[in-house]
Amino acid sequence: MIPRKIYRSEKQALIDHFVNDMVGEPRRLRFGYRATDEAVIKYIENTWIGLMNRTNQWFVVKDKGRVVATCHVVLMDDKNAEMGCTVSPDYQGKKIGQALFDRGVNWARSKGATAICMQCLSENKAIQHIAQKSGMTTFTVSPGEKEAVTQ
């Protein structure tokens with residue numbers, strides 16, 4: 001399964017991934033709080049606007065027509081980007097997250113970003129492992145929260 005940029009026609013598939021697959025603990029780990037369906041949909045709607053002005057990009061992995069993993073990259077300014085990734089629970093452990101992470105970093109760098117960061121909860125060991133494996137430094141920013149940054 002190869003990560004690729006999302007097509008504009010796939011917005012509902014992206015929403016379905018977050019509303020149907022990323023529920024409970026996986027959603028809390030992604031957003032850092034227990035985001036409601038409405039909050040997640042609003043987040044996606046707001047990022048969709050950025051696709052038009054190219055300030056952010058969604059990457060997806062699909063299987064049998066279903067979005068099973070995502071990476072969202074936001075260009076904060078000319079040199080800084082922030083990323084967030086998800087993998088459906090039934091697809092975790094298959095290196096999809098690493099492939100998406102790498103795709104997101106490459107896109108951010110191609111747009112001029114020299115610093116890339118991700119924020120996560122301290123218990124989100126999977127994303128911390130991916131970040132550290134990719135050469136990012138992880139540090140605690142507040143009790144229960146970590147940030148990973150490029151060096």
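The values are calculated or read from the model by the stated rules, or taken from the named source; none is laboratory data. All values derive from a computational prediction rather than experimental measurement. All Cβ positions, even for glycine, are placed from backbone atoms using ideal geometry, and neighbour counts span all protein chains on display. These accessible areas exclude ligands, DNA and RNA; they are computed on the full protein's heavy atoms, side chains included. Shrake-Rupley method; radii C 1.70, N 1.55, O 1.52, S 1.80 Å.
Numbers below:
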| read-out | value |
| --- | --- |
| Pair list, Cβ under 8 Å, 6 or more apart: region 1-16 residue more than 10 Å from Lys62 (Cβ to Cβ), other residue at pLDDT below 95 and open to solvent by 60 Å² or more (accessible area, probe 1.4 Å) | none |
| Which numbered condition Lys42 misses (of (1) under 27 Å from Ser110 (Cβ atoms); (2) free of Cβ contacts under 8 Å to residues at least 40 places away in the same chain) | (1) |
| Qualifying residue in region 28-45 (condition: charged (D, E, K, R), in contact with a Lys or Arg (Cβ under 7 Å, 6 or more places away or on another chain) and either over 17 Å from Met118 (Cα atoms) or not in a loop (DSSP other than H, G, I, E, B) (or both)) | yes |
| Subset of region 1-27 that is out of contact with any helix residue (DSSP H, G or I) (no Cβ under 8 Å at 6 or more places or on another chain) and in a loop (DSSP other than H, G, I, E, B) - its residue that is surrounded by the most Cβ atoms within 10 Å (Cβ to Cβ) | Val23 |
| Failed criterion for Trp107 (all others in (1) part of a strand (DSSP E or B); (2) farther than 25 Å from Asn20 by Cβ hold) | (1) |
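Okay, residues lined up against (1) among the small types (Gly, Ala, Ser); (2) open to solvent by 20 Å² or more (accessible area, probe 1.4 Å); (3) touching a strand residue (DSSP E or B) at 6+ places or on another chain (Cβ under 7 Å):
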| site | (1), (2), (3) |
| --- | --- |
| Asn46 | no, yes, no |
| Gly50 | yes, no, yes |
| Arg54 | no, yes, no |
| Phe59 | no, no, yes |
| Arg66 | no, yes, no |
| Thr70 | no, no, yes |
| Val73 | no, no, yes |
| Gly84 | yes, no, yes |
| Tyr91 | no, yes, yes |
